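Everything below concerns the one structure shown next.
The values are calculated or read from the model by the stated rules, or taken from the named source; none is laboratory data. Predicted model only: the values in this text are computed from it and were never measured. Note that each Cβ is placed from the backbone with ideal geometry, even for glycine, and that neighbours are counted across all protein chains shown.
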Amino acid sequence: MLYDRISKDMVEAMKAHDKDKVSTLRLLKSGIDKYLIDNKMERHEASDEVVIEVVSKQVKTHKESIEQFKAGNRQDLIDGLNKEIELLSTYLPEQLSEEELNKVIDEVFDKVKPTSMKDMGTIMKELKPLVNGKADMKLVNTIVKEKLS
């Protein structure tokens, strides 16, 4: 399980005195624990899907922060967040290429047979379990909108 791997990696980082890695992994574990508490789940219920959802959310938040730091010209903070994103990404499944992503979206379109933008929610509901953690949902949203218009 990913949760156990994160715990093991955190212990190894502590032993290696890698403060940055320990800090990032602690933040990740606390994010997972918060998710479990918010959803009234037990620690043993921390499935890989839960971990991937939390990791994806943290990566997304970091990317949004990077955009803010670029506006503020804070390269030191950007570099730190990029390192954290790199570490967090090791806990995500392999990302889909744009070609693979388009194929998945086309399959969902064939299944749902959308007629207008009103079908956007239905399409996204079908797509999310297929691509969650494997693709940036912002990109998925953009592609779906293009195909619908």
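For the reader, a short list of remarks on this structure follows.
- In the set (1) touching a strand residue (DSSP E or B) at 6+ places or on another chain (Cβ under 9 Å); (2) farther than 22 Å from Gly31 by Cβ, the condition left unmet by Ala71 is number (1).
- Selected residue [closer than 17 Å to Arg5 by Cα and either exposed (fewer than 11 other Cβ atoms within 10 Å of the Cβ) or at pLDDT 90 or above (or both)] from Ser30, Ser47, Ser56, Ser65: Ser30
- The single condition from (1) charged (D, E, K, R); (2) under 20 Å from Ala135 (Cβ atoms); (3) not in a helix (DSSP H, G or I) that Lys40 fails is (2).
- Within this structure, Lys60 fails the test of being under 27 Å from Asp9 (Cα atoms), basic (Lys, Arg) and either outside any helix (DSSP H, G or I) or touching a helix residue (DSSP H, G or I) at 6+ places or on another chain (Cβ under 7 Å) (or both).
- Tabulated pairs, the stretch 44-65, first farther than 12 Å from Asn132 by Cβ, second assigned to a helix (DSSP H, G or I) and among the charged types (D, E, K, R), C-beta under 7 angstrom, 6+ apart or interchain: His62/Glu84
- Residues in the stretch 71-124 that are surrounded by 13 or more Cβ atoms within 10 Å (Cβ to Cβ), among the hydroxyl-bearing types (Ser, Thr, Tyr) and free of Cβ contacts under 8 Å to residues at least 24 places away in the same chain: Thr122 alone.
- Entirely in the stretch 73-137, the helices (runs of 4 or more DSSP H) that have 1 or more residues that are out of contact with any helix residue (DSSP H, G or I) (no Cβ under 8 Å at 6 or more places or on another chain), among the small types (Gly, Ala, Ser) and not assigned by TED's automatic domain parsing to the domain that holds Val59: 120-131
Condition check ((1) farther than 27 Å from Lys8 by Cα; (2) of a type outside the set (D, E, K, R)) across all residues:
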position	(1), (2)
Ser97	yes, yes
Glu100	yes, no
Val108	yes, yes
Lys118	yes, no
Ile123	yes, yes
Asn132	no, yes
